[in-house]
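Data first, discussion second: the structure below is written as structure tokens.
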């Protein structure tokens, strides 16, 4: 809730944002348009993450911009706007989110699913499973392990792709919807702080999804924006895409 | 290309439209914001049509606003914007497009797939198969039969739902992409004229998709906007959603 959190009322890329107005918190560190990432010709944009990014994408095609390979979530909606708006820029957009993944699973497939793709713009949303799977006894990780692994992944990325521009999404959980209750916090907030700290350290744009969903609950219930506290409804997917698109110009 | 075709540069609902600017033709009969359809609380919005509307939707659920049931096309993208922007309005949005359908197939399922749903806003995009299936010998229809059947369908609709607001999309075909070559025209244009005439007769908003795709070809090739001349790419789905959203406020 610092003064770094900036409300951008009329972004060129806003999706359905006009009436939403002052209730929304947007991507941080966007204190001026100059801090947005500029979309250039021939840019390669990669969405990475877990099920929220995956969103039921078709996985047996590696073609960029493929409608079925983009899933049904925020990545698909954001990609559709980019491909329309920047139709003259020959963009290549990929979604490589995989359901259930934590940072170590990203690391296992990072060569093929990130470095080989050579993105100019890399968007990562990871962390809810790092907490959730520990919570339900399927994983031994902690917030510290999450941070250590995440930093190693980014170090590896920046060694191979020193010019890549990073967008880091805050892992989020919407309370009182199915899987998520009060007991998620404050422990889950430690993971969120790690993601925020990492974004700062690595000069990434940070999308504060938790605040964005919290603010959206003033407009409708948590169950309207997520199906289970973790995964997005159609409204929630658009909410995320809208915030993501404010990172670029 | 009449003066009734109005360019609305900064619609409140524009999706990625800002840079597109003067190259786009938008929904007709929108000579002022007052002629747009107002979204009201508890509105029921129904997308009807063929494969372009269907877009791979999950068909075994009848729940409104369901992300998988909305498909991966313009209806899904438009619905996501509506559900975010009008989160306080308790909208119910349905997609009942089915791949391969012509007007007679809509008629066969109209009671269950339209009248029983009781839409306040009904969007129909139908006609490409009425021509295409005739062209390839699978159907005996003509442009006149298309028009007669379409008018009967709308008469039936207005008898059951006299207050419904109509949006009619122009059937379109993008030349020199896979299925579509010069020989589609001028015959296919007869079907397009029928749809346009019907929109006028029934006081529907008319979305001139053919002009919209023609204009988009100044920004990238037809194969960028459609996968086969008939079905949309991700960019084309966004282009259609953008135009659709300009019909409402």
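Derivation of every value follows stated rules applied to the coordinates shown; laboratory data play no part. Computed from a predicted structure; not experimentally measured. Every residue, glycine among them, receives a Cβ derived from its backbone with ideal geometry; neighbour counts consider all protein chains shown.
The distance from the alpha carbon centre of the range A:74-152 to that of the range B:97-167 is 43 Å, rounded to a whole number. For the range B:21-245, the alpha-carbon coordinates run over 47, 38, 38 Å along the three principal axes, in decreasing order.
Decide, for the range A:160-249, between rounded, prolate and oblate: order the square roots of the alpha carbon gyration tensor eigenvalues as a ≥ b ≥ c, take rounded if a/c falls under 1.5, and otherwise choose prolate if a/b is larger than b/c, else oblate.
Verdict is oblate for the range A:160-249.
If you restrict to DSSP beta bridges whose two residues both lie in the protein assembly as shown, what percentage is antiparallel, to the nearest 5?
Working: 5 of 39 bridges.
Roughly 15 percent of the beta bridges in the protein assembly as shown run antiparallel, per DSSP.
As a length-normalised measure over Cα pairs under 8 Å and 6 or more apart, the relative contact order of the range B:93-146 settles at 35 percent. Across all directions, the average projected area of the convex hull around the alpha carbons of the range B:30-82 is 4.5 nm².
The C-alpha radius of gyration of the protein assembly as shown, expressed as a fraction of 2.2 N^0.38 Å, stands at 0.98.
Between residue A:115 and residue B:59, how high is the FRET efficiency from 1/(1 + (r/R0)^6) when r is the Cβ-Cβ distance and R₀ = 56 Å? Nearest 0.05. Each step should come with its number before you reach the end.
Details: r = 39 Å, r/R0 = 0.70.
For residue A:115 and residue B:59, the calculated efficiency is 0.90.
Shortest first, residue A:136 label-point distances to identical copies amount to 4.4 nm, with the label point at 7 Å from Cα along Cα→Cβ.
Against the compact-protein benchmark of 2.2 N^0.38 Å, the Cα-based radius of gyration of the range B:94-138 scales to 1.26.
At R0 = 25 Å, how high is the FRET efficiency between residue A:41 and residue A:108 if r is their beta carbon distance? Nearest 0.05 is fine.
Working: r = 33 Å, r/R0 = 1.31.
Using R0 = 25 Å, I get an efficiency of 0.15.
Take each residue in B:86-95, count the other chain C-beta atoms within 10 Å of its C-beta, and the mean is 3. For chain A, averaging the sequence separation of C-alpha pairs within contact (under 8 Å, six or more residues apart) and dividing by the residue count gives a relative contact order of 26 percent. Placing a label point 7 Å from the Cα of residue B:190 along the Cα-to-Cβ direction, the residues of the range B:126-169 whose backbone N falls under 18 Å of that point are B:127-151.
Could you work out Rg/(2.2 N^0.38 Å) for the range A:61-164, with Rg from alpha carbons only?
Values: Rg = 15.2 Å, N = 104, 2.2 N^0.38 = 12.8 Å.
Ratio of Rg to 2.2 N^0.38 Å for the range A:61-164: 1.18.
Rounded to 0.05, the FRET efficiency of the residue A:178 and residue B:182 pair, given R0 = 45 Å and the Cβ-Cβ distance, is 0.25. Taking the label point 7 Å along Cα→Cβ, residue B:190 and its counterparts in the other copies are spaced 7.4 nm apart, in ascending order. Ranked by how many other Cβ atoms sit within 10 Å of their own Cβ, fewest first, the residues A:131, A:139 fall in the order A:139, A:131.
Rounded to the nearest 5, what % of the DSSP beta bridges within chain A are antiparallel ones? So the antiparallel bridges in chain A amount to around 10 percent.
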